[in-house]
Amino acid sequence: MFRRGLAAALVPALMIGAAHAADLEAGKKDKAPEAAAVADVPFFLFADTQVSYRYQFPTVSPGVQIQRADGSFVSREAPKQILNIAHADAWAYGTNFFSLDILKSGSQFPAGTTNPPGSVGSPAFSDYGNTEAYGLYRGTLSLNALTGTKAFTIPGLVKDVSLAFGFDANSQNDAFGSKKRDIVGGLNFSFDVPAGFLNLSTHVYKEWNRNGFNLQPDRDQSFDAVPEFELVYNFPLTFTGLPLSLTGFNNIVLPKGRGVRNVADFQYNPPRGLEFLSRTNLVLDLGKLIYDQPNKVDVFIGFQYWLNKFGNVETTTFKGTEEKSFLAGFAFHVF
């Protein structure tokens, strides 16, 4: 059955700030070492904390489907409302990024458990949508900064190469009852682009989870360690004459296996496929447009595409693995 799968599936727009922080940090290394040692240089080269809200529709969930009169199946769709708080910063040796999403589904994706009627926690399903909390952390350490050299710069191509690391954790009160924990580690490449930024992280990804549909006591899952890629970008659209930018990310997780070793649970844990998630936002700096106060209030619209959601592969009788959804929201930069 379905599961919570992608490391950065719910990364908000502020992850763009984390990538920008990396570029600012890399730019600082272009200065003479003596300048970097000046006592009054602030500890953080960049810091931003924001609170945002977005509405997304339609979303799907693997295995949540409707059977038509002719016997075929289609995905059940539901809206989601997402509240996010996120923080990004850069310091002398790297960057930090933290994000927490609170996601509220429509009643089409109900809260509930797989407990049988009459047991603790019954009734099995509620008449309201489930709620999920999803948090993640990503950090980098600049190899140029750590070595005090420019050895990891390729002029015109790569500004800096950094060690990259992080983790994800979630909890959701639906029947599946996901309890995702994962760690990532690898390298981050900051590319030298004419305007904005383009960053690519290549990770080893290892995930542990829980599947409420598995037979007791084998609900815990441990997936294979596999390659994972995260591409983050931000390009200003200065030709429009407006404070507009195109921001987004693309994530790829290679197949992770079944997640269980018990043959009796194979029916609930088919082999996972290659997972691809892409989100692109058009962001308007409303504060700069109206009040000439940049980086205070943003509004955005976007599109998200998710193939093999959480690694699940669609079949004729198993739907909800391909998501095409629109989103809109606003963000306040509070610090």
Item to check | Separation of the Ile252 and Tyr93 label points, Cα + 7 Å toward Cβ, nm | outcome: 3.2
Checklist entry - When Lys and Arg each count +1 and Asp and Glu each count -1, what net charge do the other residues less than 11 Å away from Thr59, Cβ to Cβ, add up to? => result +2
Checklist outcome for this item: Row for segment 178-293, column shape: gyration tensor on C-alpha, a ≥ b ≥ c, rounded if a/c < 1.5 i.e. under 1.5, prolate if a/b over b/c, else oblate; value prolate
Item to check | Contour minus Cα-Cα distance for Ala47 and Asn295 (0.36 nm per residue) | outcome: 88.1 nm
Next on the checklist: Need one number: nm distance between label points at Leu83 and Phe303, each 7 Å from Cα along Cα→Cβ, rounded to one decimal.
Outcome noted: 3.1
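For segment 239-335, rounded, prolate or oblate, judged on the Cα gyration tensor with a ≥ b ≥ c (square roots of eigenvalues), a/c < 1.5 rounded, else prolate if a/b > b/c?
Numbers: a/c = 3.83, a/b = 3.11, b/c = 1.23.
It comes out prolate by the Cα gyration axes.
Of the accessible area of segment 190-335, with the probe set at 1.4 angstrom, what percent is carbon plus sulfur?
66
Could you calculate the contour length gain from Asp192 to Ser278, that is, 0.36 nm times the residue separation minus the distance between their Cα atoms, to one decimal place in nm?
Working: separation 86, 0.36 × 86 = 30.96 nm, distance 2.20 nm.
Contour length minus Cα-Cα distance gives 28.8 nm.
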Next on the checklist: Could you compute the net charge surrounding Arg68? Neighbours are other residues with a C-beta less than 15 Å from the C-beta of Arg68; K and R count +1, D and E count -1.
Outcome noted: 0
Item to check | Lys288 versus Thr317: modelled label distance in nm, points set 7 Å from Cα along the beta carbon direction | outcome: 5.4
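May I ask you to derive the FRET efficiency for Phe125 and Asp220 from their Cβ-Cβ distance with R0 = 25 Å, giving the value to the nearest 0.05?
Values: r = 23 Å, r/R0 = 0.92.
The calculated FRET efficiency here is 0.60.
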Next on the checklist: For the pairs Lys80/Lys180; Lys150/Lys180; Lys159/Lys206; Lys150/Lys296; Lys206/Lys324, flag any whose C-alpha to C-alpha distance is greater than 30 Å.
Outcome noted: Lys150/Lys180; Lys150/Lys296
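Quick check for you: with a 1.4 Å probe and neighbouring chains kept, what is the accessible area per residue of segment 230-323, in Å²?
On the way: 4450 Å² over 94 residues.
Spelled out: the 1.4 Å probe surface of segment 230-323, per residue, equals 47 Å².
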Checklist entry - Any idea which of Thr317, Leu237, Leu286 is furthest toward the positive side of the dipole for segment 228-335, if Lys and Arg beta-carbons carry +1 and Asp and Glu beta-carbons -1? => result Thr317
Item to check | Rounded if a/c under 1.5, otherwise prolate or oblate - segment 186-231, Cα gyration tensor axes | outcome: prolate
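Quote to one decimal, in nm, the extra length available between Thr240 and Phe326 on full extension: 0.36 nm per residue of separation minus the C-alpha distance between them.
Values: separation 86, 0.36 × 86 = 30.96 nm, distance 2.28 nm.
Between Thr240 and Phe326, full extension yields 28.7 nm more.
The values are calculated or read from the model by the stated rules, or taken from the named source; none is laboratory data. Fair warning: this is a prediction, and the values are worked out from it, not measured in the lab. Virtual Cβ from ideal backbone geometry, glycine too; neighbours counted across all protein chains shown. Surface areas here come from the heavy atoms of the whole protein model, side chains and all, with no ligands, DNA or RNA. Shrake-Rupley method; radii C 1.70, N 1.55, O 1.52, S 1.80 Å.
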